[in-house]
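Working notes, structure below.
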Amino acid sequence: MKKITYVTRRAQFSAAHRLHNPEFSDEENRRIYDKCNNPSGHGHNYDVEVTVVGETDSDTGMVIDLKILKRLLNDYVIEKLDHKHLNHDVDFMSGIIPTAENIAIKIWEQLKPHITSGTLHCVKLYESQNNYVEYRGE
Ligand code: NI
């Protein structure tokens with residue numbers, strides 16, 4: 001019987017953003033995004049959790065080496081997002097409304113090509129203690 005295990009690495013970053021859709025009127029933007037439409041932006045301390053799923057390798061006893069997952073998450077996500085303004089400073093967020101949903105999708109896209117052991121299963125992004133989103137690549 002296959003032994004499938006889910007392996008998760010967590011990390012933190014702080015970033016600023018503004019939720020604003022240029023296709024909407026200023027009034028609509030304020031109605032939809034409320035305080036998050038604040039013209040100068042605002043910040044969050046984000047937590048991100050990345051889960052890789054797979055069979056445990058019979059030689060190493062691992063699905064993916066957590067040292068490698070830590071490095072990939074750091075190099076391709078945290079280093080690029082931490083202390084940045086997501087509307088202006090991050091190439092892969094360009095032209096995207098930086099909602100938690102969209103940030104999670106972009107984090108997935110950043111990591112996916114680099115996960116060569118196991119399979120990327122989900123990206124969870126906590127924007128606050130009580131709000132988080134989960135993306136599974138669908
Ligand atoms: Ni916000």
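The values are calculated or read from the model by the stated rules, or taken from the named source; none is laboratory data. What you see is a predicted model; the values in this text were computed from it and never measured. Here the Cβ positions follow ideal geometry from the backbone for every residue, glycine too, while neighbour counts run over all protein chains shown. What goes into the accessible areas is simple: the full protein's heavy atoms, side chains included, and nothing from ligands, DNA or RNA. Shrake-Rupley method; radii C 1.70, N 1.55, O 1.52, S 1.80 Å.
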Can you name the residue in segment 1-14 that is open to solvent by 40 Å² or more (accessible area, probe 1.4 Å) and not polar (S, T, N, Q) and, of all such residues, is nearest to the ligand (Cβ to nearest atom)? 10
Could you please find all residues in segment 15-46 being away from the ligand (no atom under 13 Å from the Cβ) and surrounded by fewer than 12 Cβ atoms within 10 Å (Cβ to Cβ)? 22, 23, 25, 26, 27, 31, 39
Select from segment 88-119 the residues that are small (Gly, Ala, Ser) and under 18 Å from residue 63 (Cβ atoms) and list them in ascending order. 117, 118
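Residue by residue, here is whether (1) touching a residue at least 60 places away in the same chain (Cβ under 8 Å); (2) of a type in the set (Phe, Trp, Tyr); (3) part of a strand (DSSP E or B) holds:
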{"residue": "2", "(1), (2), (3)": "no, no, no"}
{"residue": "6", "(1), (2), (3)": "yes, yes, yes"}
{"residue": "11", "(1), (2), (3)": "yes, no, yes"}
{"residue": "15", "(1), (2), (3)": "yes, no, yes"}
{"residue": "22", "(1), (2), (3)": "no, no, no"}
{"residue": "35", "(1), (2), (3)": "no, no, no"}
{"residue": "40", "(1), (2), (3)": "no, no, no"}
{"residue": "43", "(1), (2), (3)": "no, no, yes"}
{"residue": "47", "(1), (2), (3)": "yes, no, yes"}
Check segment 98-113 and report whether any residue there is away from the ligand (no atom under 14 Å from the Cβ), more than 18 Å from residue 136 (Cβ to Cβ) and either surrounded by fewer than 17 Cβ atoms within 10 Å (Cβ to Cβ) or touching a residue at least 40 places away in the same chain (Cβ under 8 Å) (or both). no
Restrict the check to segment 83-95 and report whether at least one residue is assigned to a helix (DSSP H, G or I) and crowded, with 18+ Cβ neighbours inside 10 Å. yes
Suppose we keep only residues that are modelled with pLDDT under 95 and among the hydroxyl-bearing types (Ser, Thr, Tyr) within segment 57-80. Which one would you say is most open to solvent (accessible area, probe 1.4 Å)? 58
Answer yes or no: is there a residue in segment 121-131 that is open to solvent by 20 Å² or more (accessible area, probe 1.4 Å) and within 14 Å of residue 7 (Cβ to Cβ). yes
